[in-house]
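> Sharing a structure, written as structure tokens. Questions coming.
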Amino acid sequence: MFTQKVLEKAVLLLENWPAGLPEVPLAVNLSGPELLDDVFYEKLLRRFSESLFLRDKLKLELTETSVLASHDETKKRLSSLANVGATIIIDDFGTGHASLSQLIDLSASVLKVDREFVDRIESSERHRKIVRMTLELANALKMQAIAEGVETEAQLSLLKQMGFTCFQGYYFGKPAPIEHWGERLGSEAV
């Protein structure tokens, strides 16, 4: 299973994190079929149950959230993972299949505001209102909010003014191998 291999590589990377690089958590994308795979789920649950380190460093990001929210067994499994300390992130909140019902149905503690809204906050009052209200909703539910798709300093400034403290996007850097970040941040340990 591809996700199992990605998970193993992520754990290996976290366990051998290069000295000199800031310690940051990694997120691994999960989908409904993966969570319904008994072997994968049992391994994942065992890893989080046995490792405080993983609970702090490895986050589970949900894709295909409508499938997850509509299936009772995935809800139970996500709840079990959350109960042993796994951080569950709802990706692309506000677009596509992501909906308000997931805030009730899924054991998530983080919302990622979709880039579709962030992309136009500089030019559209409606987009700014939606982003601001999504942050307020997350705060009211005691969830962390991440603004994704941040590409400009102006977007970052507006998001900070709204109260966001966590961001993701090309403004900070494009996806790259760990060696790139070591070079970019001046780490000799990579």
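The values are calculated or read from the model by the stated rules, or taken from the named source; none is laboratory data. Everything quoted here is computed from the prediction, not taken from an experiment. For neighbour counting, all protein chains shown are included, and Cβ atoms are generated from backbone atoms with ideal geometry for every residue, glycine included. Note: areas computed on protein heavy atoms with side chains; ligands, DNA, RNA excluded. Shrake-Rupley method; radii C 1.70, N 1.55, O 1.52, S 1.80 Å.
> From the protein chains alone at 1.4 Å, what is the descending order of accessible area for Arg132, Arg120, largest first? Please report the intermediate quantities before stating the final value.
Details: Arg132 85, Arg120 115 Å².
Reading off the accessible areas and sorting them downward yields Arg120, Arg132.
> Calculate the dipole size of the chain relative to its Cα centre from +1 charges on Lys and Arg beta carbons and -1 charges on Asp and Glu beta carbons; express the result in debye to the nearest 20.
400
> A further question follows. Accessible area per residue for the chain in Å², computed with a 1.4 Å probe and the full protein assembly in place, what is it?
Result: 55 Å² of accessible area for each residue.
> Within the chain, how many lysine pairs that are 8 or more places apart, or on different chains, have C-alpha atoms less than 18 Å apart?
20
> Quick one: length gained pulling Gln168 to Ser107 fully straight, 0.36 nm per residue minus the C-alpha distance?
Roughly 19.8 nm would be gained on extension.
> For Ser31 and Lys76, compute 0.36 nm times the residue count separating them, minus their Cα-Cα distance, and round to one decimal in nm.
Gain on extension, Ser31 to Lys76, equals 14.8 nm.
> Please label the shape of the range 113-190 as rounded, prolate or oblate, based on the square roots a ≥ b ≥ c of the eigenvalues of the alpha-carbon gyration tensor (a/c under 1.5 means rounded; beyond that, a/b larger than b/c means prolate, else oblate).
Since a/c reaches 1.5 and a/b is larger than b/c, the shape of the range 113-190 is classed as prolate.
> Search the structure for amide H atoms under 5 Å from the amide H of Lys59, placed 1.01 Å from N in the peptide plane, and list their residues when 5 or more places away or on another chain.
Distant-sequence amide H within range of Lys59: Leu26, Ala27, Val28.
> Over the range 2-119, what per residue volume does the convex hull of the Cα atoms give, in whole Å³?
109
> Amide H of Ala108: which non-local residues (sequence gap of 5 or more, or other chain) have their own amide H closer than 5 Å, using H built in the peptide plane?
Residues meeting the amide H criterion: none.
> Could you work out what % of the accessible surface of the chain is carbon and sulfur, using a 1.4 angstrom probe and leaving DNA, RNA and ligands out of the count?
51
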